[in-house]
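Structure first, then comments.
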Amino acid sequence: MKTVKNIFCNTILGLLVMTATLVHGQNVGINSTGAAPNASAVLDLSPNTAGGFLLPYMTTANMNSISAAGATNSLLIYNYSVNCIEDYYSTCSCWEPVYCPCTAAPAIPAAPTGSTPVCIGTSTYSVTAVSNASSYTWHITNGTGTGVFSNATTTISGSATSQVISWTGNGTCTVTVTASNSCGTSASSPALSVTIASTAPPVPTITSGPTSICKSSAGNTYTASSAGATSFTWTVSATVGTITSGQGTATITVTANAAAGGPANITCTASNSCTTSASSAGYAVTVIGPPATPAAPTGTTPIATGSTGNTFTVGAVAGATSYSWSVPAGVGTITAGGTTNTITVTANASAGGPFSITVQAVNSCGSSASSAALAVTVSACAHGTVPYSYSASVQTWTVPACITTVTITAVGGGGGASTSNSVSGGLGVTIVGVCAVTGGHVISVVTGGVGGVNTVDDGAGGGGGTFVWDNTSGTLLVVGGGGGGAGYSGGSTG
């Protein structure tokens, strides 16, 4: 064995000598000139002009087989599956490309990412690595704002996929990136727009929301505005209620307190990424309930059967926006003011009563309890007013058995006007008479009409007279003369 070993060693030694391999201590040189190896190199393959150093070359599958078997750190190979020189790193149990020849410029990078809006100061921005890119060039386009990279300019290049930007002025800027390799440079990425602010947003204004809310009501919304604000902090007085949603946003929802109270304030502050504004002015809100119960209504009683213009009223109730009246059919019907604190009633044609009239006060939160009742009687003997408008026929009224005296107001019709010379007719006469009457008698009424208008010359028609008489006894009671028609200078009073 010893002889065989010696023969093998001598053979190898001879081969090394024949190929100009020089061994100096721990240094090995392989070249075609016989030059000694460089003292700093363990293996020196230069100078050599006749050829290069050929790495072991293999596929990705071959390479992975080596690593699976336990490759050593810094093992170097050429992977012709991807045309890359790759190095093995035992710390990560992985192959890393050392060099991959390019065939074209890299693809366009995606838009960079990072904070916006930002305060004046530094922020870091990143871009997703682009395949086959060896370097990246970053650009800041200053608009109304200003910023620079770590080199104090608006452009910086290097292999890093992130950069720190110092924002120095309020406003808006854009950030873009290009990717490069030895084959060329991509087009610019989509721009990231960055807003820079160093001051607080304006003091907010609460722009909408009810100033009166009902006890325990939900869903009451309030909205504020402040240019450039990214959040709002609201304060709601406990007298008003509690915030149920929206804290941090421009609109909140409030559930009202269970007890009436106020006015008390709602306020808010506005914030951006830098700081917070002063508080808004107070927005006064009152918590209310249904109105208090009204006092009993007042009005005339008894009222005459069939009479009109009978009014009933109730004192105004604080917080009430309308009123709801209850008038029994036995009293009559409401003809005016049905939702106000004063109503007008036309009495029933039949006597009856007493009947109860009540009223409730109303607002957006509900209705009060009903007031105490006003007792009203409808009587044929009650004094009331019976009106008669113009009619071409005779109108009648039967005197109730208990009536002995009536007051009659008779108004004659006015005279017609002459429109050709703008002259008015005379006024009808108004005659008031107090007359004795007998129950059961029929009183007849003829109401005078207005005289005809003359549109051609001076002569216009006279107004008709109004006549009231006791048809049963044939006694004339009251006459109101009609006004004269317009002449050259006007009509005479009847």
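The values are calculated or read from the model by the stated rules, or taken from the named source; none is laboratory data. Keep in mind it's a predicted model, so treat the numbers as computed, not measured. FYI the Cβ positions are ideal-geometry reconstructions off the backbone, even for glycines, and counts take in every protein chain you see.
Filter region 61-94 down to the residues that are aromatic (F, W, Y) and more than 19 Å from S131 (Cβ to Cβ), then identify the one that is surrounded by the most Cβ atoms within 10 Å (Cβ to Cβ).
The extreme case among them is Y88.
In region 162-172, how many are under 30 Å from C100 (Cα atoms) and surrounded by fewer than 17 Cβ atoms within 10 Å (Cβ to Cβ)?
2
For the subset of region 235-254 comprising residues that are under 17 Å from S271 (Cβ atoms) and not in a loop (DSSP other than H, G, I, E, B), which member is farthest from the chain's Cα centre (by Cα)?
Of everything passing the filter in region 235-254, T235 is farthest from the chain's Cα centre (by Cα).
Which of (1) assigned to a loop (DSSP other than H, G, I, E, B); (2) hydrophobic (A, V, I, L, M, F, W, C); (3) over 60 Å from the mean Cα position of the chain (by Cα) does V82 not meet, given it meets every other one?
With respect to (1) assigned to a loop (DSSP other than H, G, I, E, B); (2) hydrophobic (A, V, I, L, M, F, W, C); (3) over 60 Å from the mean Cα position of the chain (by Cα), V82 is out only on (3).
Would you mind stating whether T300 is without any contact (Cβ under 8 Å) to a residue 24 or more places away in the chain, in contact with a strand residue (DSSP E or B) (Cβ under 8 Å, 6 or more places away or on another chain) and not aliphatic (A, V, I, L, M)?
Spelling it out, T300 is indeed without any contact (Cβ under 8 Å) to a residue 24 or more places away in the chain, in contact with a strand residue (DSSP E or B) (Cβ under 8 Å, 6 or more places away or on another chain) and not aliphatic (A, V, I, L, M).
Considering region 208-227 alone, what residues qualify as being loosely packed, with under 13 Cβ neighbours inside 10 Å and at negative phi?
S208, T211, A218, A227
Quick check: anything in region 114-123 modelled with pLDDT of 85 or more and over 45 Å from the mean Cα position of the chain (by Cα)?
Looking for residues that are modelled with pLDDT of 85 or more and over 45 Å from the mean Cα position of the chain (by Cα), one finds none in region 114-123, hence no.
Checking the conditions here, which among G433, G412, G490 is on the phi < 0 side of the Ramachandran plot and at pLDDT below 90?
After applying the criteria, what remains is G412.
When A278 is evaluated against the numbered criteria (1) among the small types (G, A, S); (2) part of a strand (DSSP E or B); (3) surrounded by fewer than 15 Cβ atoms within 10 Å (Cβ to Cβ), which criterion, by number, is the only one it fails?
Against the list (1) among the small types (G, A, S); (2) part of a strand (DSSP E or B); (3) surrounded by fewer than 15 Cβ atoms within 10 Å (Cβ to Cβ), A278 comes up short only on (2).
Restricting attention to region 201-224, report how many residues are in a strand (DSSP E or B) and either touching an Asp or Glu at 6+ places or on another chain (Cβ under 7 Å) or farther than 14 Å from Q247 by Cβ (or both).
Result for region 201-224: 8.
Exactly one condition in (1) assigned to a loop (DSSP other than H, G, I, E, B); (2) within 29 Å of C365 (Cα to Cα) is false for A227; which is it?
Status for A227: all satisfied but (2).
Looking at region 95-114, which of its residues are surrounded by fewer than 15 Cβ atoms within 10 Å (Cβ to Cβ), touching a residue at least 24 places away in the same chain (Cβ under 8 Å) and either part of a strand (DSSP E or B) or hydroxyl-bearing (S, T, Y) (or both)?
Within region 95-114, T103, T113 meet the criteria.
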